[in-house]
Amino acid sequence: MKLLYILMMVATLTTGCSQSNLKSNFGPNSASDYPDYIQVGGKFYIHAWELALVNNTPEIIKFGKVERASVISKGTPVYEIPGYPDQDVVAVKTDSNNTGLVSNITGYLIYVQQEEDGKSHYPEIAGQQVTRIQIFKGKDLLRELNGEDVDAFLRLFNQQGPHNEFQAGDGSIYTVVLIGDQPLGNNYGLREKDGRFGLSHIESKLPDEIADYFTSK
């Protein structure tokens, strides 16, 4: 899990890919730098597993198909997301569960444009006010939180312990989506071990009290 996280962070943060690689060589060299990428209409995108298309999003519009990729199949439909008219953040329709640290719970994966100079077009959604939270077990909606329950959950969720101290192994997989007023929500993968829960990407334990939210209601 630590290795996978490191690879995904490389995909997000790396700036060392040469201009010639991105322009003409979307093959082995760039694939080693970007474990999950797509090429659409001459643009290069990397998978943003920490983002999810939320179900209050207006209609998305198909504008192309995947031309080359490291994980996604060639010809997979690609959609423009409302609010991103320059197509620097796009949705890819796929039933694949090979999404890295979270389950594909919407049928769409989010990809963010990466330019030749290494600049990424990550949307600034971290500051949006969270008004709804969805909790999934695998791909099934376990429960949805609204109102005061949102604040209560976030108080616990933000009490993350030290990194690399919660190694759940093959424990049950959960996905938490924080939803505001934008088309995209924050996507987090969690694992369970012996009734306790932790964040997958940093292997950080959450308070024991948060377990109450991961039962069906």
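The values are calculated or read from the model by the stated rules, or taken from the named source; none is laboratory data. Note that this is a predicted model, so its numbers are computed, not measured. A quick note on method: Cβ atoms are made from the backbone with ideal geometry, for glycine too, and the neighbour counts reach across all protein chains shown. Only protein heavy atoms, including side chains, enter the accessible area calculation; ligands, DNA and RNA are left aside. Shrake-Rupley method; radii C 1.70, N 1.55, O 1.52, S 1.80 Å.
Here the range 63-217 is treated with +1 on each Lys and Arg Cβ and -1 on each Asp and Glu Cβ, and its dipole about the Cα centre works out to around 480 debye.
Among the GluC sites (Glu not before Pro) found in the range 159-209, those both in a DSSP coil and sparsely packed, with 12 or fewer other Cβ atoms within 10 Å of their Cβ, are GLU165. Given R0 = 45 Å, the distance between the Cβ atoms of ASP208 and LYS74 translates into a calculated FRET efficiency of 0.45.
Computed with a 1.4 Å probe on the full set of protein chains, the accessible area for PHE136 sits at about 20 Å². Using a probe of 1.4 Å, the accessible surface attributed to SER172 totals some 40 Å² when neighbouring protein chains are kept in position.
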